[in-house]
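The structure under discussion appears below in the form of structure tokens.
The values are calculated or read from the model by the stated rules, or taken from the named source; none is laboratory data. No experiment lies behind these values; they were computed from the predicted model shown. With ideal geometry, Cβ positions are generated from the backbone for all residues, glycine too; neighbour counts draw on all protein chains shown.
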Amino acid sequence: MNETYEVVCKNLDDTKSLAYRFANLIQNGVFVSLYGEIGAGKTAFVKFVGEALDVKEKVTSPSFVILNEYHSGKVPMYHFDLYRLENEGVHTILDELREYSEGKQVTFVEWAEFSQDEIPFNHIKINVTYTENDERKYSFEAFGCDNIKIIEELKSGK
């Protein structure tokens, strides 16, 4: 069983509002896999979530370093980017992906399609796509009871 939710963001203010609402629901920890084309808004969403979680460091794309860690916010936040890893490279971080999927922390994995299906069962999948009007559509899909509750609350606007 899973839960889905889609929302269109017309501008960065809408994306920020969505990210803040999401951040308020994930403070007990969550593992998020992010999908979408280059420039679709994955990192922008993560930056706004970090801001909402009071992360003091500058949240940047980890595309060249694979993992950025942020420990100054309400909960630890980890941000992976698998884009530059080859199949063999992904194997070198599988233990970390599993480790960062447990506990009270927020973990984002951009380009999760390169994870070779190593994303934990309990996670939230976010797919970011462009609309015809250059808006962004955020599609959320939750796997696992706690994550289903998060998406249900996100949908209800609480």
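Figures for the structure shown
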item: Residue ID - farthest from residue 106 (Cα to Cα), chosen from residues in segment 22-77 that are of a type in the set (Phe, Trp, Tyr) and not in a helix (DSSP H, G or I); result: 64
item: Residue list for segment 15-39, filter: in contact (Cβ under 8 Å) with a residue 40 or more places away in the chain and over 23 Å from residue 97 (Cα atoms); result: 15, 18, 21
item: Unmet criterion (only one of (1) over 14 Å from the mean Cα position of the chain (by Cα); (2) at pLDDT 95 or above; (3) closer than 19 Å to residue 146 by Cα) for residue 103; result: (2)
item: Residue list for segment 44-62, restricted to those being in contact (Cβ under 8 Å) with a residue 24 or more places away in the chain and either in contact with a Cys (Cβ under 7 Å, 6 or more places away or on another chain) or crowded, with 21+ Cβ neighbours inside 10 Å (or both); result: 45, 46, 48, 49, 50, 53, 62
item: Which numbered condition residue 16 misses (of (1) in a loop (DSSP other than H, G, I, E, B); (2) modelled with pLDDT of 95 or more); result: (1)
